[in-house]
Amino acid sequence: MLKQSIENLGNRTLEGVWRIGYATRFFVLILLHSGTAFRRFGLTIREIYFSGVLSLIIILVSGLFVGMVLGLQGYETLQTFGSEEALGILVALSLVRELGPVVAALLFASRAGSAITAEIGLMKATEQLSAMEMMAVDPIARVVAPRFWAGVISMPLLAALFSAMGIFGGYLVGVQLIGVDEGLFWSQMRSSVDFEQDIMNGVIKSVVFGIAITAIALYEGYDAPPTAEGVSGATTRTVVASSLAVLALDFVLTAFMFRGLN
Amino acid sequence: MNKTVLDLWVGLFVIAGIAALLFLALKVGSMNTVNTTDSYEVVARFENIGGLKARAPVRSAGVVVGRVTDVRFDNETYEAAVTIRLDKRYAFPKDTTAAIMTSGLLGEQYIGLEAGGDSQKLKDKDRIIITQDAVVLENLIGQFLYGKAQEGAPQ
Amino acid sequence: MQNDNLVEIEDVEFGYGDRLVLKGVNLTAKRGQVIAIMGSSGCGKTTLLRLIGGQIKPGQGQVRVAGESLGHLNQKGLYRLRRKMGMLFQFGALFTDMSVFDNVAFQLREHTDLPEDAIRDLVLMKLHAVGLRGAAQMMPSELSGGMARRVALARAIALEPALVMFDEPFAGLDPISLGVTGNLIRRLTDTLGLTSLVVTHDVQESLKIVDYVYFVSEGVIVAEGTADDIRGSDLPYVHQFVHGEADGPVPFHYPAPPYADDLGLGGLRA
């Protein structure tokens, strides 16, 4: 029986490796066929609407609440050290460096990522992708690539909006509600948040997350078994896999970027 | 969905996103790098820099006049060599003192410049001769205890 | 000058792993004809269509369309050849995010540089040919099964291809739609000079409209002939199929141990 389990483990590892290879090849194909996505930018714009604009509500509302909670929790903790005026710094740095890119990415993965997977999976199940191929139109160029670039473009914008809303939320709670000095709030923030180190790094992170999430979503959709269970399983896998990928990439990028501060 | 309405929404979305980025860049953060063309570099040597890091501010009379760009260990003199980049608008005399200070009681460390009286000014690649090391807490406590012991001791 | 055969399938074998789906098939389709490929489910009919469309490659043998062997084509060549083919998928496979009009206009917009008014006219003409010109602005979700398939047919003939392939066009339709579909296939083949390959297991409808029939069973062609040949054939498989007999070469019982044993009537035979 032990032999059987080891065999199973071996098979699944091999299959996992094979899948990664296949997924990488798919990713390269998307990049190679991206010409149409840019030449006929209308296709990409349409997808930016579906991925980005339709995610706005959840991103803005979540950003606001996260910022407000940061304001509350931050104030509680800072007060014990007598450093209430550092609230602005706390809220801004937490959001811009980490929470903005990461939480926005996780929300994007669940909302837009799963929608992309379901859409493509369904198109595959109803033979729309085959029909397109038979009409001599490459589905990767026309259907997959525009969605990829739409995701990559939308993600940093959404992360920035999340962070901005969060800072506003922190301001609302800290300054308006609790009474931290408004001038101190903003001036302390300005002096500690560095454009290159913090903001640009946050933007880079969100672009990387966008690439990862959209690529995973597209792959799972394109590869889904053409049945109802197949598509629903693929959507679940997209959310789980891209969320894990975002968190893992976050660690790698943070270690890489913020190592130099010491 | 009508194509023009769609385009409108996407346009608004992109504008809002860029506005958020600009807000973050300008109102929240600040460009902290001192431009290389309107600045000059000087070096200062310390026996102990405490917790001073690169990108720490350099202040004089409380105003930021430059940034620490590099912190190195000199293996020959066994001292720390700190490179400072100063804004060209501010010229300091050659006998300026550079001291490592702490922001508040437990805050970040920065370099405080106190101008001397020399008529000659520091130029690019010059060295600040007079330096004051960081206050190391252990030494302070040691001094305090020693002092206390002294007080109690003479019999 | 040109070969009378639009499609030629020669000694083709195809399988997944070591399971062969097609074991040596020979088939030709003449221009201007309606040709039916019949057989029970899973015998390899749809595989044949996919081979002709170039979606899969044969393990052995050759597939030729308009004289060109599909095995030697790269993606560009394959796409070029596909513009001469139209395919009607079983449930239509219309693009759900576009209207009926946009679906039919799809190939015209992607592959030609025609101005929008010319495209409009062409689309309306195709829709008129299938009787759905009035439904041009509807979305696929608003169409019935039969209507969706007719739109898909209009879309398939948008570029006036030489070959149109139909994957189970009669499956699941009501009697009126059956008649309409069969009629459309015959009429369009004659008026547009197409070659139609119809994969189906609806014997009655197809025998009314076809010129030639191929019978596939277990990966080989077991019978072929004109509609009359098939109707009068006394080959056991063909007979069972045409007359809908419950038992024959295709057995009623799935292989199982003897009935008596299963019910335990064998007594003390264990």
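In sequence order, what are the phi-derived ³J(HN,Hα) couplings for region C:202-208 according to the Karplus relation 6.51 cos²θ - 1.76 cosθ + 1.60 with θ = phi - 60°, rounded to whole Hz, with x for glycine and proline?
Rounded to whole hertz, the list is 8, 5, 4, 4, 5, 4, 6.
Tell me, in nm to one decimal, what length is gained between residue B:97 and residue B:129 on full extension, where the rule is 0.36 nm per residue of separation less the Cα-Cα distance?
Once the chain is fully extended between residue B:97 and residue B:129, it gains 10.8 nm.
Can you work out ³J(HN,Hα) from phi for every residue in region A:181-189, in order, using Karplus 6.51 cos²θ - 1.76 cosθ + 1.60 and θ = phi - 60°, giving whole Hz and x for Gly and Pro?
Values, residue by residue: 4, 5, x, 4, 3, 6, 6, 4, 4 Hz.
Which angle from 0 to 90°, rounded to the nearest 10, does the C-alpha axis of helix A:41-51 make with the longest principal axis of chain A?
Helix A:41-51 sits at roughly 60 degrees to that axis.
Top mean-square fluctuation among A:198, A:223, A:181, Gaussian network model of chain A, C-alpha springs under 10 Å?
A:181
Could I get the Rg over Rh figure for region C:5-248? Both from C-alpha atoms, Rh via Kirkwood, rounded to two places.
0.97
Between residue A:80 and residue A:178, what's the calculated FRET efficiency when r is the beta-carbon distance and R0 is 25 Å? Round to 0.05. Don't skip to the answer; put the middle values down first.
Numbers: r = 15 Å, r/R0 = 0.58.
The formula returns an efficiency of 0.95 here.
Note down the nm distance, to one decimal, between modelled labels 7 Å out along Cα→Cβ at residue A:28 and at residue A:251.
Simple spin-label model gives 2.8 nm for this pair.
Report the paramagnetic label zone for residue C:231: residues of region C:157-195 whose backbone N is under 12 Å from a point 7 Å from Cα along the Cα-to-Cβ axis.
What the label zone holds, given the 12 Å backbone N cut-off, is no residue at all.
How long are the semi-axes of the equivalent ellipsoid of chain B, defined as square roots of 5 times the Cα gyration tensor eigenvalues? Whole Å, largest first.
46, 23, 13
Starting from the Kirkwood Rh over alpha-carbon pairs, what translational D in µm² s⁻¹ does region A:109-262 have by Stokes-Einstein at 37 °C and 0.692 mPa s?
Using the Kirkwood radius from Cα pairs, D works out to 184 µm²/s.
Once you've got the Cα coordinates, tell me which of B:3/C:126; A:124/C:126; A:3/A:124; B:53/B:148; A:124/B:3; A:3/C:57 are over 31 Å apart.
Numbers: B:3/C:126 25 Å; A:124/C:126 26 Å; A:3/A:124 38 Å; B:53/B:148 34 Å; A:124/B:3 25 Å; A:3/C:57 38 Å.
Over 31 Å apart, Cα to Cα: A:3/A:124; B:53/B:148; A:3/C:57.
Modelled label-to-label distance, residue C:41 and residue A:2, 7 Å Cα→beta-carbon offset: nm?
Computed distance between label sites residue C:41 and residue A:2 equals 4.7 nm.
Return the FRET efficiency for the residue pair residue C:160, residue C:247: r is the Cβ-Cβ distance, R0 is 56 Å, and the value is rounded to the nearest 0.05.
On the way: r = 46 Å, r/R0 = 0.81.
Calculated transfer efficiency: 0.80.
Compute the normalised compactness of the protein assembly as shown: alpha-carbon radius of gyration over 2.2 N^0.38 Å, N being the residue count. Write out the running numbers ahead of the final one.
Numbers: Rg = 37.3 Å, N = 687, 2.2 N^0.38 = 26.3 Å.
Here the Cα radius of gyration is 1.42 times the empirical estimate.
Which of C:246, C:66, C:36 moves the most in a Gaussian network model of chain C with Cα springs under 10 Å?
Among C:246, C:66, C:36, the largest GNM mean-square fluctuation belongs to C:246.
Under 8 Å for C-alpha pairs, at least 6 residues apart: give me the relative contact order for region C:5-248, rounded to a whole percent.
Once divided by the residue count of region C:5-248, the mean separation gives 27 percent.
If r is the Cβ-Cβ distance from residue B:7 to residue C:240 and R0 is 56 Å, what FRET efficiency results, to the nearest 0.05?
0.40
Among all the lysines, which ones have a C-alpha under 25 Å from residue B:121's C-alpha, if same-chain residues fewer than 8 places away are not counted?
Filter leaves B:88, B:94.
Most fluctuating residue of C:113, C:18, C:97 in a GNM of chain C with Cα springs under 10 Å: which is it?
Maximum among the listed residues: C:18.
Out of the DSSP beta bridges found with both residues in chain B, what percent are antiparallel (nearest 5)?
Within chain B, antiparallel bridges account for around 75 percent of the total.
If you average 1/r across every pair of different Cα atoms in chain A and take the reciprocal, what Kirkwood value do you get, in Å?
About 20.0 Å for chain A.
Compute the whole-percent fraction of alpha carbon pairs in region B:72-155 spaced more than 16 Å apart.
Beyond 16 Å sits 66 percent of the P(r) for region B:72-155.
Which whole-Hz couplings ³J(HN,Hα) result when phi for each residue of region B:110-123 is put into the Karplus expression 6.51 cos²θ - 1.76 cosθ + 1.60, θ = phi - 60°, listed in order with x for Gly and Pro?
9, 9, x, 9, 10, 5, x, x, 4, 7, 7, 9, 5, 10
Can you compute the modelled spin-label distance between residue A:73 and residue A:39, with each label point 7 Å from Cα toward Cβ, in nm?
For residue A:73 paired with residue A:39, the spin-label model returns 5.0 nm.
Where does helix B:137-152 land angle-wise versus the long Cα axis of chain B, in degrees 0 to 90, nearest 10?
30
With both partners inside the protein assembly as shown, how many of the DSSP beta bridges are antiparallel, as a percent to the nearest 5?
Percentage antiparallel, nearest 5: 65.
Quick check on packing: order A:73-80, A:136-143, C:202-209 by the mean number of other C-beta atoms within 10 Å, highest mean leading.
Result, highest mean Cβ count within 10 Å first: A:136-143, C:202-209, A:73-80.
Considering the zone a paramagnetic label at residue B:118 would reach in this model (a point 7 Å from Cα along the Cα-to-Cβ line), which residues of region B:38-64 have amide N under 12 Å from it?
Flagged as within label range: B:43.
Rule-of-thumb check for region A:1-128: C-alpha Rg over 2.2 N^0.38 Å?
1.61
For the Cα atoms of chain C, what angle does the longest principal axis make with the long axis of helix C:116-129, in degrees from 0 to 90, nearest 10?
The angle comes out at about 40 degrees.
Å³ per residue of the Cα convex hull, for region C:149-196?
Numbers: hull volume 2.9 nm³, N = 48.
Given the Cα convex hull of region C:149-196, per-residue volume reads 61 Å³.
How charged is the neighbourhood of residue C:141? Take every other residue with its Cβ under 15 Å from the Cβ of residue C:141, and add Lys/Arg as +1 and Asp/Glu as -1. Show your work: numbers first, answer last.
Details: positive: C:149; negative: A:119, C:97, C:102, C:142.
Within the 15 Å Cβ shell, the charges total -3.
Two-decimal Rg/Rh of region A:65-176 from alpha-carbon positions, Kirkwood Rh?
1.27
Where both residues lie in chain C, what percent of DSSP beta bridges are antiparallel, nearest 5?
DSSP beta bridges in chain C are roughly 55 percent antiparallel.
If the cut-off is 13 Å between C-alpha atoms, which aspartates and glutamates fall inside it for residue B:125, apart from same-chain ones fewer than 8 positions away?
Candidates past the 8-residue exclusion: B:41.
Bear in mind these aren't lab numbers, they're just calculated from the coordinates by the rules spelled out. A quick note: this is a predicted structure, and the numbers were derived from the prediction, not measured. Reconstructed Cβ throughout: ideal geometry from the backbone, glycine too, with neighbour counts over all protein chains shown.
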